[in-house]
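Peer 1: For reference, the structure I am asking about is given below.
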Amino acid sequence: MSGTEHVLIVGGGREIPQLLRRHGAGSRTSVLCQLPLLPKLRDVDEHERVIGLRADASDEEWIVAAQQVHGASPVTRIASFGERDQIRLAVVGSALGLSTHTAETVAAVHDKHLMRRVLADAGVEKVVAVRLDNEAAVVEWVRANPGTWVLKPVDGTASAGVALVRSHREAAAAYQRCVATEHTGRRHSPEVLLEEYLTGPQVSVESLSEDGEHVVVAYTGKYSDPATFVELGHVVPAVIDDAARAGLAAHTSEVLDALGVRNGTCHTEFVLTPDGPRTIETHLRVAGDEIPYLVHDATGVDLIGCVVRQTFGERVLPEVRRTLAATPVRPQAIWFGTAPCAGEVDRWEGLDEARAAGPSVTLTVEAHPGDRVVPLGDSHSRVVWARAEGGTADEALRRAYTAVAACRLVVTVPTVPDGGVQTAL
């Protein structure tokens, strides 16, 4: 790989930009992103340029900004490592003549209703789903179609605004909560998606693709809160039989082909229904919740390292296959804890007990004294988590769960609202 590579990163990327610069001596990075992402960027002074734009900036503004970067120092590669700004990635990549996902693929992945239509039209699967843009329409749909439904943002992330709906009364409250959440950089969008509730175990597939060839790296078992659908635990490998694995591998390829995915990594979530796998959603990125690190420790495959190499045009699938064939699986799990109510953290109890659970268990606390916590509403409201290894997947999961269960969060709660008497009245 040439040391003269200049990668334009559209969006954030956590640790990946630094890994890109390390991968080849002399490789450089620049960032083009929405303004709210700027404070979250790491090692800002290591980039050649960092340009922030308003969330509502036009495609033309993004293209002009990218062309300015390109004119000052020719961009040789373009990439995005998270949902936000991925649609801009396709627009900018096309304008600069650089290889990336097409706008059609990004749109079909981000827009969950469009994804349903694409998969149905391709004959891959059919899930009943309707796109609605006001509370009255949502209430009327649920009233006219009795059953259990899932209400969610059309383009949501982190399980924000997702709710189980079983009556028209629940539908009204769920709609109000959903439109109040921020998702993919948007807030107060009136559009929501109502889709049929799928029953069965949840499994995500972590995959890598090259020139339309898809390889499953790992199957991740997922455990979600039944009311909010926020994920509370993951285990690699998922506890499923060989037939389920084979069915998931084939179905994943059909889903990614239908959506036009040709290259890169994907994190695709499924429900194993009695009628076969059904897609919850897919993502043009590695999974969150430490899953890439669980996968690395369980299988030996470094998903993030593969993303770095693929960004530079390197092929990784042959090595991935060899690693999977040669590495004995070491089951890994993670479990998350949540706050039972809103309030201010006073102290933790039981942390020493949790950390003494064994050398295969690591504990991470996300909320500290003085921090405000809220009940489980999305992935960002989780307050503690533990990772563990085990001789079996069940053992790894039990160790992670037990460590979190030993932690007790003490929270102070005010007896009157903030703001004084007038606010209270």
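Peer 1: Mind telling me which of the residues Ala66, Ala57 ends up being of a type in the set (Gly, Ala, Ser) and not in a loop (DSSP other than H, G, I, E, B)?
Peer 2: Numbers: Ala57 fails: not in a loop (DSSP other than H, G, I, E, B).
Testing whether each residue is of a type in the set (Gly, Ala, Ser) and not in a loop (DSSP other than H, G, I, E, B) leaves just Ala66.
Peer 1: OK, next. Of the conditions (1) open to solvent by 80 Å² or more (accessible area, probe 1.4 Å); (2) in a loop (DSSP other than H, G, I, E, B); (3) in contact with a strand residue (DSSP E or B) (Cβ under 7 Å, 6 or more places away or on another chain), Gly370 clears all except one; give me its number.
Peer 2: Here Gly370 meets the rest and fails (1).
Peer 1: Output the residues belonging to the stretch 338-364 that are assigned to a strand (DSSP E or B) and without any contact (Cβ under 8 Å) to a residue 24 or more places away in the chain. Please lay out each step first, then the result.
Peer 2: Filtering the stretch 338-364 down to residues assigned to a strand (DSSP E or B) leaves 338-339, 343-349, 361-364.
If the condition is that a residue be assigned to a strand (DSSP E or B) and without any contact (Cβ under 8 Å) to a residue 24 or more places away in the chain, then Thr364 is the only one that fits.
Peer 1: Just give me the residues in the stretch 274-283 being open to solvent by 10 Å² or more (accessible area, probe 1.4 Å) and touching a strand residue (DSSP E or B) at 6+ places or on another chain (Cβ under 8 Å), in sequence order.
Peer 2: Here is the first cut: in the stretch 274-283, the residues open to solvent by 10 Å² or more (accessible area, probe 1.4 Å) are 274-278, 280-281.
Of everything in the stretch 274-283, those that are open to solvent by 10 Å² or more (accessible area, probe 1.4 Å) and touching a strand residue (DSSP E or B) at 6+ places or on another chain (Cβ under 8 Å) turn out to be Pro277, Arg278, Ile280, Glu281.
Peer 1: Now for a separate question. Would you mind stating whether Arg166 is open to solvent by 40 Å² or more (accessible area, probe 1.4 Å) and touching a residue at least 12 places away in the same chain (Cβ under 8 Å)?
Peer 2: On the way: open to solvent by 40 Å² or more (accessible area, probe 1.4 Å): yes; touching a residue at least 12 places away in the same chain (Cβ under 8 Å): yes.
When the stated conditions are applied, Arg166 passes them.
Peer 1: OK, next. When the stretch 297-338 is examined, which residues are found to be under 22 Å from Asp394 (Cβ atoms), open to solvent by less than 30 Å² (accessible area, probe 1.4 Å), in contact with a Pro (Cβ under 8 Å, 6 or more places away or on another chain) and of a type in the set (A, V, I, L, M, F, W, C)?
Peer 2: Ala298
Peer 1: Here is a further query. Of the conditions (1) part of a helix (DSSP H, G or I); (2) small (Gly, Ala, Ser); (3) open to solvent by 30 Å² or more (accessible area, probe 1.4 Å), Ala400 satisfies every one except a single condition; which number is it?
Peer 2: (3)
Peer 1: Please determine whether any residue of the stretch 202-215 is under 25 Å from Cys178 (Cα atoms) and of a type in the set (A, V, I, L, M).
Peer 2: Taking every residue of the stretch 202-215 in turn, at least one turns out to be under 25 Å from Cys178 (Cα atoms) and of a type in the set (A, V, I, L, M).
Peer 1: Suppose we filter the stretch 373-397 for residues that are under 26 Å from the mean Cα position of the chain (by Cα) and touching a residue at least 60 places away in the same chain (Cβ under 8 Å); how many remain? Don't jump to the end; show me each part of the working.
Peer 2: Narrowing the stretch 373-397 to residues under 26 Å from the mean Cα position of the chain (by Cα): 373-390, 392-397.
Okay, now just the ones that are also touching a residue at least 60 places away in the same chain (Cβ under 8 Å), so 376-382, 385, 387, 389, 392-397.
Qualifying residue count, the stretch 373-397: 16.
Yes/no matrix, rows are residues, columns are (1) hydroxyl-bearing (Ser, Thr, Tyr); (2) modelled with pLDDT under 95:
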| residue | (1), (2) |
| --- | --- |
| Gly24 | no, yes |
| Thr29 | yes, no |
| Arg49 | no, no |
| Arg54 | no, yes |
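Peer 1: Mind checking whether some residue in the stretch 316-338 is among the aromatic types (Phe, Trp, Tyr), in contact with a strand residue (DSSP E or B) (Cβ under 6 Å, 6 or more places away or on another chain) and modelled with pLDDT of 95 or more?
Peer 2: Just the residues of the stretch 316-338 that are among the aromatic types (Phe, Trp, Tyr), to begin with: 335-336.
Filter once more, so that each one left must be in contact with a strand residue (DSSP E or B) (Cβ under 6 Å, 6 or more places away or on another chain): 335-336.
Filter again for modelled with pLDDT of 95 or more, leaving 335-336.
Checked against the condition, which is being among the aromatic types (Phe, Trp, Tyr), in contact with a strand residue (DSSP E or B) (Cβ under 6 Å, 6 or more places away or on another chain) and modelled with pLDDT of 95 or more, the stretch 316-338 yields at least one hit.
Peer 1: Give me a count of the residues in the stretch 257-273 that are surrounded by fewer than 22 Cβ atoms within 10 Å (Cβ to Cβ) and assigned to a helix (DSSP H, G or I).
Peer 2: Residues meeting the conditions: 2.
Peer 1: Are there any pairs with C-beta distances below 6 angstrom linking a residue in the stretch 29-58 that is surrounded by 12 or more Cβ atoms within 10 Å (Cβ to Cβ) and hydrophobic (A, V, I, L, M, F, W, C) to a residue that is assigned to a loop (DSSP other than H, G, I, E, B) and at pLDDT 95 or above, with the two at least 6 apart or on different chains, and if so which?
Peer 2: Listed pairs, sorted by first residue: Val31/His47.
The values are calculated or read from the model by the stated rules, or taken from the named source; none is laboratory data. Bear in mind that the values here come from a model prediction, so they are computed numbers and not experimental data. Every residue, glycine among them, receives a Cβ derived from its backbone with ideal geometry; neighbour counts consider all protein chains shown. Surface accessibility is based on the protein's heavy atoms, side chains included, excluding ligands, DNA and RNA. Shrake-Rupley method; radii C 1.70, N 1.55, O 1.52, S 1.80 Å.
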